[in-house]
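Chemist: Below you will find the structure I want to go over with you.
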Amino acid sequence: MNVYLSLLDKLEKGKDENPSIGIILCAEKDNVEVELALDGFTKPIGVAEYKLIVPQKELKQLISEEIKNFNKEIADKSDKD
C-alpha cells in the first residue's frame, strides 16, 4: 500500500492536493494483525470491515446473468464479423 500511495503522490497528485489516503477493506478485521502489518507506516491508511449487502443467492444469479449476457454479446459480434 505504501508503494502505491508514494507513486500516486509522486506521479499524479497536484501541488494543491492533500496527500493520498489508502483504504483497505476486509471481510474480517483483526486489530492485532492490522497494527502489526501497518507498524511504522507514516502515510495515512484506513482499515475497515465490510459487509456484503446483497444476499448470496441474488448475487450468484446476477453474476450468472451477466456472464450469459456477455457471452451472447460476444457471439452476436462474431456472427456480424
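Chemist: Only residues that are aromatic (Phe, Trp, Tyr) and either open to solvent by less than 100 Å² (accessible area, probe 1.4 Å) or part of a helix (DSSP H, G or I) (or both): list them for the stretch 46-81, please.
Modeler: Result: Phe70, single match.
Chemist: Okay, next question. Out of (1) in a loop (DSSP other than H, G, I, E, B); (2) open to solvent by 70 Å² or more (accessible area, probe 1.4 Å), the odd one out for Lys43 is which?
Modeler: (2)
The values are calculated or read from the model by the stated rules, or taken from the named source; none is laboratory data. Please read all numbers here as calculations on a predicted model, not as lab measurements. Heads up: the accessible areas ignore ligands, DNA and RNA and are worked out on the full protein's heavy atoms, side chains in. Shrake-Rupley method; radii C 1.70, N 1.55, O 1.52, S 1.80 Å.
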